[in-house]
Amino acid sequence: MIERPRRLRTTAAMRRLVRETRPRPSQLVLPAFVGETGAEIKAMPGVLRHTVAQIGDVARAARDAGLGGIMLFGVPDDADKDAQGSQAWAADGILQRGITACREAVGDELVIMSDVCLDEFTSHGHCGVLAADGRVVNDETCELYARQAIAQAEAGAHVVAPSGMMDGQVRIIREGLDGAGFEDVAVLAYSAKYASAFYGPFREAVGSSLEGDRRTYQQDPGNRREGLREALLDLAEGADMVMVKPASHYLDVLADVAAVAQVPVAAYQVSGEYSMIEAAAEKGWINRRAAVEESVTSIVRAGADVVLTYWALEVAEWMA
């Protein structure tokens, strides 16, 4: 035999030398929750909801670990929720205060990203304004997203990340930011976001008020081409980065988007992906570290330039 691929697998040193995919800390983003009160998230072992007073320390830890960024989600008290989600753009809203605390803690040394969506802030738990018949109204919702994005930019966000899957949301947010003088604030679009069963633990994390589902605006898990179409539409509207969510069960969509996008492509390793590995590891059924490292590597291998993962700090430590 002339061809013996196993020659390049003989030792750990050899395998390291020829490894094709090498995730690095600077491409990892830590999703973090900020609320009026701190709490452990039972469905996500090891993940906490932080207070405004604590979130700056989280940002500093992310910076010191060499991470690329932090993605903030606001968790208001139930009493502060209303049908429109008005705390989403209030200057003293929980997310805006969290953004400011992070910016004061790390300045420009870490990319501060913030989620643009109304679901955490609405009394009904949907990502937008509801019509009388219960439908989520697209265009009016986009206008509120623009208000939210501007408020986040004013609070200090470097990147705003619309995740509501409304048609035209990127264009309206971009126009709003530019009109308010925030031309340098980037837009990371949740472009291919699927109506996934793997978001369950996240709903505990943000205290979701949702009744029903989001299948009229998030994508059908059976649709691959539609994911690419959504990403191309967001790029045409001015997205600076695009995202596929979830990551691990949509690697085909991620590869499709990465093959054509001329901007950085992100993928979000969501709460259910995290919790499944944690639960199996707790049972002793899998090697936790090996499974975490393999899962993150697979996402980068499929084409992600940026990976949002709740293991970001720990993975960065292992890499070091």
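Assorted remarks:
- Anchor LYS42: aspartates and glutamates whose Cα lies under 16 Å away (excluding residues fewer than 8 positions away in-chain): GLU204, GLU273, GLU278, GLU282
- Legend: helices of the chain (whole DSSP H runs) are marked when their alpha-carbon atoms reach 24 angstrom or more along the helix axis and their mean Kyte-Doolittle hydropathy is at least 1.6; nothing is marked.
- Once the chain from THR37 to ASP78 is taken as fully extended at 0.36 nm per residue, the excess over their C-alpha distance is 13.6 nm.
- Solvent-accessible area, 1.4 Å probe, carbon plus sulfur percent, for the chain: 49 percent
- Label-to-label distance for GLU175 and VAL137 is 1.7 nm, based on points extended 7 Å past Cα in the beta-carbon direction.
- Calculated FRET efficiency for the pair VAL18/GLU183, C-beta based, R₀ 51 Å, to 0.05: 0.70
- Beta bridges assigned by DSSP with both partners in the stretch 22-319 are antiparallel in approximately 10 percent of cases.
- Using the average count of surrounding beta-carbon atoms within 10 Å as a protection proxy, the listed peptides 276-288, 218-230 rank, highest first, as 218-230, 276-288.
- Burial ranking of peptide ranges 94-100, 127-133 (average Cβ count within 10 Å, highest at the top): 94-100, 127-133
- Gained length - GLU294 relative to ALA91, 0.36 nm times residue gap less alpha-carbon distance: 69.0 nm
- Rounded to the nearest 10 Å², the accessible area of VAL111 at probe 1.4 Å: 50 Å²
- Extended-chain gain in nm, criterion 0.36 nm per residue less alpha-carbon gap, GLU226 and GLU314: 28.3 nm
- For LYS245, solvent-accessible area (1.4 Å; no DNA, RNA or ligand), Å²: 10 Å²
- Per-residue SASA entry for HIS126, accessible area with 1.4 Å probe, Å² rounded to 10: 20 Å²
- Ratio of Rg to Rh for the stretch 22-319: 0.93 [Cα atoms; Kirkwood radius as inverse mean 1/r over pairs].
- Hull volume in cubic angstrom per residue (convex hull over the Cα atoms of the stretch 213-284): 112 Å³
The values are calculated or read from the model by the stated rules, or taken from the named source; none is laboratory data. Note that this is a predicted model, so its numbers are computed, not measured. So basically every Cβ, Gly included, is an ideal-geometry build from the backbone, and we count neighbours across all protein chains shown. Protein only, heavy atoms only, side chains kept; ligands, DNA and RNA dropped before computing areas. Shrake-Rupley method; radii C 1.70, N 1.55, O 1.52, S 1.80 Å.
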